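Data first, discussion second: the structure below is written as C-alpha cells.
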Amino acid sequence: MKNKLFIVGFFSLLNHAQIFDSNNFIPTVDESFVLSAKYESKYIEVGFKLMPDTYIYLDKINLKNMNDSKIYFELNGNKKEKDDLFFGLSEIFDSEFKIKFYPRYEKKILLNFQGCYKNKVCYPNKIKNIYIKYDKKSISSVKIE
C-alpha cells in the first residue's frame, strides 16, 4: 500500500513539473525578436517586433561602430519595469519598439541586445550587424544580418 501511495504521489508531483508541461516550446532568439531597418531622411530606424511572452532589457541594447565607439540612439516604445527572475528589477520592452540613430558614414554597425522568454530562458547577448551602403554621400540601403 505504501509503495502504491508513493508512486501515485511521485507521478502527481511530476505532473506539475515543467518536464511534463504540455507547452515546452521555447523559441529561438531570432524567432522571438524580429528586426527590420529602414533609412528615413538622415537617420536609420531599427524596428523590434517581439513574439508574445518575450521581452528585451533596455540596458542591454547598445550600438557600436567598427572602432568600438558607442553610437547614441533614441528609443521609441513603451518601457515597463519588471522584477526579473534573471536580473532583478529591470526596465524592459515587452512589445514592439524602435531605435533611431544618425550614422556618420559607417558601413557596418554592431547592434547588441538581450532578452528572455516567459521567465523560462534568458537568451545570451545577441549581436546583429547593420550594413549601410552609400551612394556618394547619401545612404542607398540598410540591412540587418
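Beyond 24 Å between alpha-carbons counts as too far, so tell me which of Lys79/Lys108; Lys80/Lys100; Lys38/Lys118; Lys49/Lys120; Lys70/Lys120; Lys64/Lys100 fall in that bin.
Lys79/Lys108; Lys38/Lys118; Lys70/Lys120
I'd like to compare 98-105, 130-137, 110-117: which one has the highest average count of other Cβ atoms within 10 Å, and what's the full order after that?
Answer by packing, highest mean first, reads 110-117, 98-105, 130-137.
Got a sec? How would Val142, Val34, Val46 order by Cβ neighbour count within 10 Å, fewest to most?
Taking fewest neighbouring Cβ atoms as first place, the list is Val34, Val142, Val46.
Which one of Ser90, Met51, Ile71 is farthest out on the positive end of the charge dipole of the range 41-139, using unit charges on Cβ (Lys, Arg +1; Asp, Glu -1) and the Cα centre as origin?
Ile71
In whole Hz, what ³J(HN,Hα) sequence does the range 71-81 give by Karplus (6.51, -1.76, 1.60; θ = phi - 60°), x for Gly and Pro?
10, 7, 9, 9, 10, 10, x, 9, 7, 9, 9
Kindly write out, for the range 99-111 in residue order, the coupling ³J(HN,Hα) from the Karplus curve 6.51 cos²θ - 1.76 cosθ + 1.60 (θ = phi - 60°), rounded to whole Hz, with x marking Gly and Pro.
10, 10, 8, 10, x, 10, 6, 6, 9, 9, 10, 9, 10
Starting at the first residue of the range 128-134, write each ³J(HN,Hα) from the Karplus equation 6.51 cos²θ - 1.76 cosθ + 1.60 with θ = phi - 60°, in whole Hz, x for Gly and Pro.
10, 9, 9, 9, 10, 9, 10
Just so you know, all these numbers are worked out from the coordinates, no wet-lab data involved. Everything numeric in this text was worked out from a predicted model, so none of it was measured. Here the Cβ is made from the backbone with ideal geometry for all residues, glycine too, and neighbour counts use every protein chain on show.
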